[in-house]
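Derivation of every value follows stated rules applied to the coordinates shown; laboratory data play no part. Please read these numbers as outputs of a predicted model, since none were measured by experiment. Note that each Cβ is placed from the backbone with ideal geometry, even for glycine, and that neighbours are counted across all protein chains shown.
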Number of protein chains: 2
Amino acid sequence: MFQGINDLNLDAKGRMSLPARYRDSIQASCEGSLVITVDVDRCLLVYPAPEWQVIQQKLMALPSINKQVRRLQRLLLGHATECEVDANHRILLPPPLRNFANLTKHAVLIGQGNKFELWDQETWEKMRERWIKEENKLSDISEALESLSI
Amino acid sequence: MFQGINDLNLDAKGRMSLPARYRDSIQASCEGSLVITVDVDRCLLVYPAPEWQVIQQKLMALPSINKQVRRLQRLLLGHATECEVDANHRILLPPPLRNFANLTKHAVLIGQGNKFELWDQETWEKMRERWIKEENKLSDISEALESLSI
DNA sequence: CAAAAAGTGGGAAATTGTGGGAAAACATGG
DNA sequence: CCATGTTTTCCCACAATTTCCCACTTTTTG
């Protein structure tokens, strides 16, 4: 179960070293085999391969005659790329995915339960500001969140 | 049950020593394992690990296709970081969380029942002023508070 | 006032992050 | 189909950071 935030850097070759605190659990859950794909919010999603397998099944089971489904399949399935963790605990991000998420140097890795999100740092901080403002403006909380006492 | 307010200082490495009066109850409730995350008011929330567990479960059970849910998951789960109390009764605050809450040196720790809030001192004092002003301006009491006598 | 407890600072070992070179694989053009 | 140039992969070595201690100062307590 992944959670927490990490600032990290891509090197000139587009490699990114995984935070030490996740190494064991990544090794345990997928033996270093990750699947990376894109998200509509212009970040990347990083799944342990077996986790991705589940999502992939679900996606492929949907009726592809539906436009919205088809769109999602193209985005998620279409960009899903397997990446192996190397001997120095790094992964190499494929150029097309780097470009999609505007990743050049400063990045942010966010634990989100069964996966990570990987953001360009600047983008992440702008979005976070926006979310916080939104959250403070909201007078009415959606029903799903009402019972959540934090 | 945590309550009360404490002024305290971060050292140059970002460490903060926990007030003596909470030590026993922190030790009892989580054996020194705390989870720290962010709040939309730009402070940090400090939970004993088992307390956080409950919230985490609730958060992850929500449907992440919902925008508002996704936002909350990114903020709360995304920043949740486990911190161990060290041999000198200190915790090390991870740089991304320190930055988020503008914590440099002077901080305020506030007991809030099942958790603590940790504020930058200056921010805390400004906010407190503002809340008091707001409270005095309001003529009508919100429904949730109508029956409260203090 | 003495003794204990709490708070603070900082050094050194261990771990982690980073850069880059050389070998291998791949692509391109003749 | 080979030769050449480019990209990718693998590996090693160094730099930076983090963690773990220890020791000193300050405050509290009896």
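When Rg and Dmax are taken over the Cα atoms of the range B:110-150, they come to 13.3, 33 Å.
If I stretch the segment between residue A:65 and residue A:20 completely, what's the gain in nm (0.36 nm per residue apart, minus their alpha carbon distance), one decimal? Let's see the in-between values first.
Numbers: separation 45, 0.36 × 45 = 16.20 nm, distance 4.34 nm.
That works out to 11.9 nm of additional length.
Put simply, the amide H of residue B:112, placed in the peptide plane, has neighbours under 5 Å in B:2, B:117, leaving out anything fewer than 5 places away on its chain.
Which FRET efficiency value, to the nearest 0.05, do you get for residue B:149 and residue A:122 by plugging their Cβ-Cβ distance into 1/(1 + (r/R0)^6) with R0 = 51 Å? Each step should come with its number before you reach the end.
Details: r = 50 Å, r/R0 = 0.98.
After rounding, the FRET efficiency stands at 0.55.
So what is log10(I(q)/I(0)) for the range A:1-87 at q = 0.11 1/Å, when the Debye sum runs over its Cα atoms only? Ignoring solvent entirely, the Cα scatterers give -0.36. Among B:129, B:51, B:82, the residue with the largest mean-square fluctuation in a Gaussian network model of chain B, with springs joining Cα atoms closer than 10 Å, is B:129.
Shielding value for A:4-10 is 5, the average number of Cβ atoms from other chains within 10 Å of each residue's Cβ. Listed by chain and number, the aspartates and glutamates whose alpha-carbon sits under 18 Å from that of residue A:105, ignoring those within fewer than 8 places in the same chain, are A:7, A:11, A:117, A:120, A:122, A:125. On average over all directions, what projected area in square nanometres does the protein assembly as shown have, based on the convex hull of its Cα atoms? Mean orientational projected area (the protein assembly as shown, Cα hull): 18.6 nm². Phi angles of the range A:55-65 translate, via the Karplus equation with coefficients 6.51, -1.76, 1.60 and θ = phi - 60°, into HN-Hα couplings of 4, 4, 4, 4, 4, 6, 7, 6, x, 6, 6 Hz per residue; Gly and Pro are given as x. Among B:85-96, B:66-77, the peptide with the highest mean count of other Cβ atoms within 10 Å heads the list, and the full ranking is B:66-77, B:85-96. Dividing the summed -39500 (n - 2.57) terms of all DSSP H runs of n ≥ 4 by the residue count of the protein assembly as shown sets its mean residue ellipticity at 222 nm at -12500 deg cm²/dmol. Rounded, prolate or oblate for the range B:48-121? Axes are the square roots of the Cα gyration tensor eigenvalues, ordered a ≥ b ≥ c, and the cut-off for rounded is a/c under 1.5. Prolate. Working note: Karplus 6.51/-1.76/1.60 with θ = phi - 60° gives the range B:6-13 the couplings 9, 7, 8, 10, 8, 8, 4, 8 Hz, where Gly and Pro are set to x.
Please give the average number of partner chain Cβ atoms lying within 10 Å of the Cβ of each residue in B:39-48, rounded to a whole number.
The shielding value for this peptide is 2.
What Kirkwood radius, in Å to one decimal, follows from the Cα pairs of chain B? It would help to have the intermediate numbers written out before the result.
Details: mean 1/r = 0.0596 Å⁻¹.
Taking the inverse mean of 1/r over all distinct Cα pairs, chain B comes out at 16.8 Å.
Given R0 = 30 Å, the distance between the Cβ atoms of residue A:31 and residue A:57 translates into a calculated FRET efficiency of 0.90.
In what sequence do B:65, B:132, A:5, B:55 fall when counting other Cβ within 10 Å, fewest first? Display every interim value, and only then the final one.
On the way: B:65 7, B:132 10, A:5 26, B:55 21.
Least to most surrounded, the residues fall as B:65, B:132, B:55, A:5.
The mean count of C-beta atoms from other chains within 10 Å of the C-beta of residues in B:67-76, rounded to a whole number, is 6.
Using 1/(1 + (r/R0)^6) with R0 = 51 angstrom and r between the beta carbons of residue A:104 and residue B:86, what's the FRET efficiency to the nearest 0.05? After rounding, the FRET efficiency stands at 0.90.
Report the Cα centroid-to-centroid distance between the range A:1-65 and the range B:21-73 in angstrom, as an integer. The two parts, judged by their Cα centres, are 23 Å apart.
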